[in-house]
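Colleague: Would you mind keeping the following structure in view while I ask a few things?
All of the numbers you see were taken from the coordinates with simple rules; none came from a lab. Computed from a prediction, not measured in an experiment: that's the story for all the values here. Glycine gets a Cβ as well: all are built from the backbone with ideal geometry, and neighbour counts include every protein chain shown.
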2 protein chains.
Amino acid sequence: MKTKLATLILVSVFATQFATSQINEPVVEDFKPSSLNQPGKQYPQVNSERRVRARVVAPQAQSVTLDFLGGAKYPMTKGDDGAWVVVTRPQDEGFHYYQLVIDGAGVPDPGTFYFYGGNRWGSGLEVPAKDQDFYALKNVPHGQLRQTLYYSKNADAVLRCFVYTPPDYDKNLTMRYPVLYLQHGGGEDETGWGSQGKAGLIMDNLIAQGKARPFLIVMANSYVPGSSYAFGGRPASTNQPTAGAPASGTNAAPSRGAIGPGGRRFDFSAFQRVLIDDLIPFIDANFRTLADQPNRAMAGLSMGGMQTRTITLANLDKFSHIGIFSGGSIAPSDVPDMDAFKQKVRVVFVSYGSRELGGDRGGGRGGFGGDPKANTEALKAAGVNSYFYVSPETGHEWQSWRRSLHAFAQLLFQ
Amino acid sequence: MKTKLATLILVSVFATQFATSQINEPVVEDFKPSSLNQPGKQYPQVNSERRVRARVVAPQAQSVTLDFLGGAKYPMTKGDDGAWVVVTRPQDEGFHYYQLVIDGAGVPDPGTFYFYGGNRWGSGLEVPAKDQDFYALKNVPHGQLRQTLYYSKNADAVLRCFVYTPPDYDKNLTMRYPVLYLQHGGGEDETGWGSQGKAGLIMDNLIAQGKARPFLIVMANSYVPGSSYAFGGRPASTNQPTAGAPASGTNAAPSRGAIGPGGRRFDFSAFQRVLIDDLIPFIDANFRTLADQPNRAMAGLSMGGMQTRTITLANLDKFSHIGIFSGGSIAPSDVPDMDAFKQKVRVVFVSYGSRELGGDRGGGRGGFGGDPKANTEALKAAGVNSYFYVSPETGHEWQSWRRSLHAFAQLLFQ
């Protein structure tokens, strides 16, 4: 089920690139190592045309392929030195998941750092973006990204989340802060926003510029035990103590759901119980939060956006700010009581990558759940403080979501 | 240089296993997935004899090898299903780094989480230990592991460390805490102690049992720009915002050094400057520390132990507790002024894995820098509060260092 969801989400964007690709055209020879390479590793590289040059030494291999997650596959060519090499077509700006396929084995590229996406820890590379300054590492005051373990009564397990605390959190010990609950997508986990999502650096830079109010961000894993859309187990991460918990089975009848791509219905009730009954009370008890509805937001990308939509609509007494990134939208007809909604909800923010919204490379994702721009404008016309944002020249990928967080954060708790 | 160090450190222990290995003996069929596997991944597995069964699907491969870092290499055998499989000899209890070699390409096993060791992000597996309860995840109050970015004047770069804060740190906002600076080994980085080292869980459990005083642990990367034993760049990690910094060249003449295996001399002066001049002041300014010598400890494993020895001996006004895990020892002749040393140093703790100390599987590592047990006893006879600990049936590996931290932590700041 989970694999199918990830596949559904990913195939639409790159449908036109799915076929095996090869290029036979001149390339600009200004390749530099990706910023996400391991120390000392020269490959993969990216040039000013946004082409990727990958290389792996595999002298006895019969075939090696560069395989972008949900995207194009590029057969690599063996040189006299036993190294396999390929140069790709130009890629979108930002972060891309990929793997190598060596004689049929799908494995991470030994040159890169690893990231959780597509239900696996795999390679990632970074194509420099024109606007990369907003998530650049600078010598400004930095917040902390805190690995935090909490006991969930609903899961009967110790689970892990990450909490971003802003730079001044440990300086002014009487200050209390609003909280954003920020969710990953299908096949991802609680590490995504702090790593490839650059959430901490985005916030540090916004706060240093005075463009966002300091707030906490809580990043939890929605694949809680009991999720009907999850594996049997709970994902954990590589470079921290893991907090694995055994599965407690799957839910039978969805009590609450969301309609996803292809009309598929997802049941987010197990995660909702953990979030509402266990995680929020834990955070309010263990961090200096402003623990009320006006100071609590929820947002997420893709499946996390679907979860945000479902959970906030069912819990308007808990959340006042709603962010849905590449995960549907809210139409006036989705709101049972518009007067109550307008009174309680301060911001509705809906975003997509431009390539998701149709056109020659789009897959029509924007249409899922109704046209998101039309829905958001109708919500605004009904008197809700609504925003629709489009990330230029990106698809269903992290650059769209980094930009979405950057835009959304500036609207929060004002 | 760095690669040579890592190799030197690792080869000695497993020298007798270095040859290509194959087993043709009956095995107990009670294999279970390693606790460090990715969610849903069934391989590698470990049985009650501590044998490892690895498996990877690579239908077109000509040869696949299971390659323990610095240890045995096991050729795998292809089955009719296109999967390559091997069962190993019994391994030591605890954590082991490894990779797969597929037709000449050294790559991570797609089944596991990834860990930084041997100058690479690679696979790890866990052999259950008889004493694993001391680092088990339990429903006790948990501390946090905080990714913290700090500006280093000496490196002219924003660097990363992890800070463990004990469970009550955010509860009692007037309390101040002692600090342990805890270093990784050669070819590793600042993620090691919090991940494969289980430092947070070890401390959470000790504190819950009342066996250790709560203190902060700061885990920094000693491969700072300018290190003569480092790569050109600074390692960073996968699942966090990276804090890469360009190299600023190498040091010419070592001003302070340590004698390592083979009589090799290492220059830790660049790291010492960052630690003493930049990191300690940052920590004392940004965390609620007891910022004086009696409340500051340093410890490390392997190369980190050598650094601890060099840096504490040169800075007795800064550190009162010294821990050297598999990284040499301190003889009375190393101490220029024994009266001053006795007055300032509260604890000297030296440890090794039993297999490092000679015998049929040992490589004589214990002898490097003089016999560590004899040195520690001589220091004790001279009036220093000294401890020598041996981890049973382990070598130069993380299970020795988990146990060393567990023992050392109970002696700190008493």
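Colleague: So if R0 is 41 Å, what FRET efficiency would A:Asn24 and A:Ala340 give, r being the distance between their Cβ atoms, rounded to the nearest 0.05?
Modeller: 0.10
Colleague: Mind checking B:36-43 for the average number of partner chain beta-carbons within 10 Å of each residue's beta-carbon?
Modeller: Mean shielding count: 6.
Colleague: Checking the a/c ratio against 1.5 first, then a/b against b/c, what shape does the Cα gyration tensor give for segment A:76-219?
Modeller: It comes out oblate by the Cα gyration axes.
Colleague: To one decimal in nm, how far is B:Ala340 from the same spot in the other copies, if labels go 7 Å from Cα toward Cβ? Please give the shortest first.
Modeller: 7.4
Colleague: Report, for A:Pro26, each distance to the same residue's label point in the other copies, shortest first and in nm; define the point 7 Å along Cα→Cβ.
Modeller: 7.1
Colleague: Under 17 Å between alpha carbons, and skipping anything fewer than 8 positions from B:Lys318 in its own chain: which aspartates and glutamates qualify?
Modeller: Correct list for B:Lys318: B:Asp277, B:Asp278, B:Asp284, B:Asp292, B:Asp337, B:Asp339.
Colleague: What number results when the radius of gyration of segment A:270-408, computed over Cα atoms, is divided by 2.2 N^0.38 Å?
Modeller: Segment A:270-408 yields a ratio of 1.05.
Colleague: For segment B:311-414, what's the relative contact order in percent, using C-alpha pairs closer than 8 Å and at least 6 residues apart?
Modeller: With pairs under 8 Å counted, the relative contact order is 30 percent.
Colleague: Between copies, how far apart are the A:Gly79 label points? List them in nm, one decimal, shortest first, with each point 7 Å from Cα toward Cβ, please?
Modeller: Those separations, rounded to one decimal, come out as 3.8 nm.
Colleague: In the neighborhood of A:His406, defined by Cβ-to-Cβ distances under 10 Å, what is the net charge if each Lys or Arg adds +1 and each Asp or Glu adds -1?
Modeller: Residues close to A:His406 contribute a combined charge of +3.
Colleague: Could you list which residues have their amide H under 5 Å from that of B:Gly40, counting only those 5 or more apart in sequence or on another chain, with H placed in the peptide plane?
Modeller: Amide H neighbours of B:Gly40: A:Gly233.
Colleague: Please work out how much length the chain gains when fully extended from A:Gln414 to A:Asp131, using 0.36 nm per residue of separation minus the C-alpha to C-alpha distance, in nm with one decimal.
Modeller: Stretched out fully, the A:Gln414 to A:Asp131 stretch lengthens by 99.4 nm.
Colleague: Considering only the other residues whose Cβ falls under 15 Å of the Cβ of A:Lys380, what net charge follows from Lys and Arg at +1 and Asp and Glu at -1?
Modeller: Taking every Cβ under 15 Å from that of A:Lys380, the sum is 0.
Colleague: Where does the charge balance sit around B:Pro90 when Lys and Arg score +1, Asp and Glu -1, over other residues with C-beta under 9 Å from its C-beta?
Modeller: Residues close to B:Pro90 contribute a combined charge of +1.
Colleague: Based on the Cβ-Cβ distance from B:Val85 to A:Lys373, what FRET efficiency comes out when R0 is 51 Å, to the nearest 0.05?
Modeller: Calculated transfer efficiency: 0.45.
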